[in-house]
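Quick notes on the structure that follows.
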């Protein structure tokens, strides 16, 4: 399969994605899966402006994941999937993605979230979802940048 990475990062496209991760996995496509972004033309435009011009940007809702997975499965380009929330990653795995790794790179603090790892925070519901993903056989890990050591989620 051409899906090379699924990353939880609530900033979606930013400097680390553009300069490090997309290049590290040689991603020809960056796929954002987020219901809010998919229905907001202004935010979609912003994402298109900040995305690297030499990579295709795909923005979809969670409901579109099964059809897009099937389409992208046979294509040659490597794909980097970006999501904001663990439950979206869980839906991608349930849809049948063959990749069995989940990178947690950025989840900001909020009233319901507590510190999980370095400057990554999660609510109890998000931690429960990450545990369910891990229990399904997916390697869940923290790694903010490609040159940083991978730390397993426990």
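The values are calculated or read from the model by the stated rules, or taken from the named source; none is laboratory data. Just so it is clear, the structure is predicted and the values come from calculations on it, not from any experiment. With ideal geometry, Cβ positions are generated from the backbone for all residues, glycine too; neighbour counts draw on all protein chains shown.
Structure notes:
- Of the residues making up segment 112-146, those that are under 18 Å from the mean Cα position of the chain (by Cα), surrounded by fewer than 16 Cβ atoms within 10 Å (Cβ to Cβ) and farther than 25 Å from residue 96 by Cα are 117, 119, 145, 146.
- Number of positions in segment 19-33 that are surrounded by fewer than 21 Cβ atoms within 10 Å (Cβ to Cβ) and farther than 14 Å from residue 106 by Cβ: 7
- Selected residue (criterion: nearest to residue 20 (Cα to Cα)) from residues of segment 31-56 that are in a loop (DSSP other than H, G, I, E, B) and within 15 Å of the chain's Cα centre (by Cα): 51
- Selection status of residue 59, under 16 Å from the mean Cα position of the chain (by Cα), surrounded by 12 or more Cβ atoms within 10 Å (Cβ to Cβ) and within 17 Å of residue 35 (Cβ to Cβ): yes
- Only one entry in 31, 21 is in contact with a helix residue (DSSP H, G or I) (Cβ under 9 Å, 6 or more places away or on another chain) and in contact (Cβ under 8 Å) with a residue 12 or more places away in the chain, namely 31.
- Selection count, segment 69-88, where residues are surrounded by 15 or more Cβ atoms within 10 Å (Cβ to Cβ), over 27 Å from residue 125 (Cα atoms) and either without any contact (Cβ under 8 Å) to a residue 24 or more places away in the chain or over 13 Å from the mean Cα position of the chain (by Cα) (or both): 2
- Pick from segment 93-111, criterion out of contact with any strand residue (DSSP E or B) (no Cβ under 9 Å at 6 or more places or on another chain) and either touching a residue at least 12 places away in the same chain (Cβ under 8 Å) or over 20 Å from residue 73 (Cβ atoms) (or both), ranking: surrounded by the most Cβ atoms within 10 Å (Cβ to Cβ): 95
- Selection from segment 66-109 of residues that are part of a loop (DSSP other than H, G, I, E, B), at pLDDT 95 or above and closer than 23 Å to residue 14 by Cβ: 84, 85
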